[in-house]
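The structure under discussion appears below in the form of structure tokens.
Here, each number is a calculation from the coordinates, and none is a lab measurement. All figures in this text were calculated on a predicted structure; none of them were measured in a lab. Cβ atoms come from the backbone with ideal geometry, glycine included; neighbour counts cover every protein chain shown.
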């Protein structure tokens with residue numbers, strides 16, 4: 001179900017992390033500005049980042065970075081707020097960089113109520129599985145020590161066959 005950007009911004013402004021003060025303006029005005037900005041940028045957000053915002057100002061989708069992993073839904077309000085306030089929308093490269101950083105920030109946060117259990121499970125069953133399946137580093141990484149081979153399964157079989 002789509003989520004109202006205005007309502008998400010209002011929820012984000014209620015958090016301590018937002019750092020809202022009365023000098024910033026009313027929460028309602030800020031939430032409306034957030035909604036208008038993201039609606040104005042909706043075509044670019046959809047095309048490059050799979051962040052879909054409809055004509056009524058509702059968030060319809062977020063990018064799927066890893067199959068079977070979804071960000072903590074409680075972080076979406078602050079994500080929407082930061083997407084509008086922490087991204088340099090005036091220059092192309094800093095804009096794309098800022099959006100990528102905010103998406104990464106959203107996906108990097110775990111539910112604080114289940115931090116230890118969730119982080120261990122996500123790391124082991126989602127992130128490591130995705131790395132195993134999809135990581136294709138350049139060949140020079142093997143020579144410049146960016147990635148080190150610590151074991152070779154065929155060589156280990158040779159060693160343990162003799163035991």
**Report entry** Relative exposure of 29, 24, judged by other C-beta atoms within 10 Å (fewest first)
**Finding:** 29, 24
Report task. Could you line up 122, 51 from fewest to most neighbouring Cβ atoms inside 10 Å? Result -> 122, 51
Query - Tilt relative to the chain, helix 76-85 - C-alpha long axis, 0 to 90 degrees, to 10 - result: 70 degrees
Report task. List 69, 157 from most exposed to least, where exposure is judged by having the fewest other Cβ atoms within 10 Å. Result -> 157, 69
**Report entry** Calculated [θ] (222 nm, deg cm²/dmol) that DSSP helices of n ≥ 4 give over the chain, each run adding -39,500 (n - 2.57)
**Finding:** -15000 deg cm²/dmol
Report task. Pop out the Kirkwood hydrodynamic radius of region 3-161 from its pairwise C-alpha distances, inverse of mean 1/r, in Å to one decimal. Result -> 18.4 Å
Requested in this report: Run the numbers on the chain and let me know its relative contact order in percent, using alpha-carbon pairs under 8 Å that are six or more apart.
Outcome: 20 percent
